[in-house]
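*Asks:* First the structure, which I've put down as structure tokens, then a few questions once you've had a look.
The values are calculated or read from the model by the stated rules, or taken from the named source; none is laboratory data. Treat the numbers as computed from the prediction; the structure is a model and nothing was measured. Here the Cβ is made from the backbone with ideal geometry for all residues, glycine too, and neighbour counts use every protein chain on show. Keep in mind that these areas ignore ligands, DNA and RNA; they rest on the heavy atoms of the full protein, side chains included. Shrake-Rupley method; radii C 1.70, N 1.55, O 1.52, S 1.80 Å.
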Amino acid sequence: MAKAFVDLMDKVTIFDSPKKATEAIEERLSNSETLTVGFVNAHAFNLAKQERDFYQSLQDLDVVLRDGIGVKIYCKYLGIEPGYNLNGTDYIPYLISAIGSGKKMAVLGTTLCTIDSAMPALDATGAETVVKADGFQTVDYYVDLVKNNPKLDIILLAMGMPKQELVAHAIKPYCNGAVIICGGAIVDFMGGRVERAPEIMRMLGLEWCYRLLKEPKRLFKRYVIGNVKFLLTMLNSKKEKYENA
């Protein structure tokens with residue numbers, strides 16, 4: 001349904017720098033507000049169109065940030081200034097470093113071995129990782145984990161879409177002023193399990209292409225077929241928006 005694209009685009013908050021995004025998040029946290037932060041790229045838009053529960057979990061996020069060239073193209077197509085590309089891989093360490101000094105953090109997702117490999121990078125943010133769990137448990141497991149650790153300040157979910165957004169929605173009522181960050185493969189990157197693209201490819205918005213070359217079998221459907229689906233639905237979404245205006 002193209003309408004899901006239109007509604008989700010309305011949910012995205014555009015910022016012109018990582019600093020501005022962080023200031024907005026810090027302001028809300030200063031009021032002891034529990035905050036869920038997520039990122040949407042072309043893959044997220046495709047999933048939201050297909051899976052109603054995931055679409056609703058994105059709508060329930062408090063802060064939704066633009067990630068990737070696909071959503072940048074969509075913004076321009078709609079006549080919206082796309083702002084800064086706040087991809088999670090670069091922005092999440094920046095955000096945690098800005099807000100995390102001396103704070104207690106839970107890292108939930110990927111494998112425990114990968115979390116351990118990422119600990120030097122996680123420690124470098126200034127936050128103290130006091131809870132670790134892999135990303136293959138049930139949603140109820142993470143709810144119980146948060147209930148048993150009520151003094152967490154930061155909860156980093158690294159389970160990938162759509163699970164992490166569903167978990168974020170489920171644990172939010174028990175988080176007592178924490179920030180919950182939907183981080184995708186962030187811990188895999190920080191732990192060195194997944195390799196970053198060369199800087200020039202990142203600057204050009206082509207990191208997805210680099211990852212596709214590295215893992216063609218796993219990522220072909222997401223990046224090749226998925227990108228075509230995204231662009232086709234994007235075209236239809238604008239038509240539907242004006243027809244329903």
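*Asks:* Out of Ile115, Ile180, Ile155, which single residue is within 18 Å of the chain's Cα centre (by Cα) and farther than 27 Å from Gln56 by Cα?
*Replies:* Ile115
*Asks:* While we're here: Tally up the residues in the range 185-218 that are in a helix (DSSP H, G or I) and of a type outside the set (A, V, I, L, M, F, W, C), please.
*Replies:* The initial filter retains those residues of the range 185-218 that are in a helix (DSSP H, G or I), namely 186-190, 199-203, 207-214, 216-218.
This time we only want the ones that are of a type outside the set (A, V, I, L, M, F, W, C), so: 188, 199, 202, 207, 210-211, 214, 216-218.
Residues that pass the stated criteria total 10.
*Asks:* I'm trying to understand the selection: among the residues of the range 1-42, which are of a type in the set (Gly, Ala, Ser) and within 17 Å of the chain's Cα centre (by Cα)?
*Replies:* Ser17, Ala21, Ala24, Gly38, Ala42
*Asks:* Quickly run through the range 98-113 and pick out the residues that are on the phi < 0 side of the Ramachandran plot, of a type in the set (Gly, Ala, Ser) and open to solvent by 10 Å² or more (accessible area, probe 1.4 Å).
*Replies:* Taking the range 98-113 as the starting set, the residues that turn out to be on the phi < 0 side of the Ramachandran plot are 98-101, 103-108, 111-113.
With of a type in the set (Gly, Ala, Ser) added as a condition, the list becomes 98, 100-101, 106.
Once the filter is applied, which keeps residues that are on the phi < 0 side of the Ramachandran plot, of a type in the set (Gly, Ala, Ser) and open to solvent by 10 Å² or more (accessible area, probe 1.4 Å), the range 98-113 yields Ala98, Ser101.
*Asks:* Also: Please enumerate the residues belonging to the range 160-189 that are more than 28 Å from Asn31 (Cα to Cα) and open to solvent by less than 40 Å² (accessible area, probe 1.4 Å).
*Replies:* Gly160, Pro162, Ala185, Val187, Asp188, Phe189, listed by residue number.
*Asks:* Starting from residues that are open to solvent by 60 Å² or more (accessible area, probe 1.4 Å) and touching a Lys or Arg at 6+ places or on another chain (Cβ under 8 Å), keep the ones in the range 118-154 and report whichever is nearest to Pro93 (Cα to Cα).
*Replies:* Looking at the filtered set, the residue picked out is Glu128.
*Asks:* With respect to Tyr55, is the statement that it is over 17 Å from Lys163 (Cα atoms) and aromatic (Phe, Trp, Tyr) true? Step through it out loud before you land on a result.
*Replies:* Numbers: over 17 Å from Lys163 (Cα atoms): no; aromatic (Phe, Trp, Tyr): yes.
No; evaluated as a whole, the condition is false for this residue.
*Asks:* Sticking with this one: When you go through (1) open to solvent by less than 40 Å² (accessible area, probe 1.4 Å); (2) aromatic (Phe, Trp, Tyr); (3) more than 20 Å from His169 (Cβ to Cβ); (4) modelled with pLDDT of 95 or more one by one for Tyr74, which number turns out not to apply?
*Replies:* Every condition holds for Tyr74 apart from (4).
*Asks:* Scan Lys172, Lys221 and give me the residue that is in a helix (DSSP H, G or I) and closer than 22 Å to Lys103 by Cα.
*Replies:* Going through Lys172, Lys221 in turn, the sole match is Lys172.
*Asks:* Condition first: open to solvent by 50 Å² or more (accessible area, probe 1.4 Å), of a type outside the set (Ser, Thr, Tyr) and within 21 Å of Lys3 (Cβ to Cβ). Now tell me which residues in the range 77-97 satisfy that.
*Replies:* Hits for the range 77-97 are Gly79, Ile80.
*Asks:* Going through the range 19-52 one residue at a time, which ones are part of a helix (DSSP H, G or I), open to solvent by less than 30 Å² (accessible area, probe 1.4 Å) and more than 24 Å from Cys209 (Cα to Cα)? Reasoning before the result, please.
*Replies:* Pass one, the range 19-52, residues part of a helix (DSSP H, G or I): 19-29, 42-50, 52.
Pick out the ones that are also open to solvent by less than 30 Å² (accessible area, probe 1.4 Å) and you get 21-22, 25, 42, 44-48.
Ala21, Thr22, Ile25 - these are the residues of the range 19-52 that are part of a helix (DSSP H, G or I), open to solvent by less than 30 Å² (accessible area, probe 1.4 Å) and more than 24 Å from Cys209 (Cα to Cα).
*Asks:* How many residues are open to solvent by 80 Å² or more (accessible area, probe 1.4 Å) and either closer than 20 Å to Ile154 by Cβ or in contact with a Pro (Cβ under 8 Å, 6 or more places away or on another chain) (or both) if we restrict to the range 8-18?
*Replies:* 0
*Asks:* May I ask you to verify whether Gly102 is within 22 Å of Asn149 (Cα to Cα) and either touching a helix residue (DSSP H, G or I) at 6+ places or on another chain (Cβ under 6 Å) or part of a loop (DSSP other than H, G, I, E, B) (or both)?
*Replies:* Details: within 22 Å of Asn149 (Cα to Cα): yes; either touching a helix residue (DSSP H, G or I) at 6+ places or on another chain (Cβ under 6 Å) or part of a loop (DSSP other than H, G, I, E, B) (or both): yes.
Yes.
*Asks:* Would it be correct to say that Ile186 is within 25 Å of Cys209 (Cβ to Cβ), of a type in the set (Val, Ile, Thr) and touching a strand residue (DSSP E or B) at 6+ places or on another chain (Cβ under 8 Å)?
*Replies:* In short, yes.
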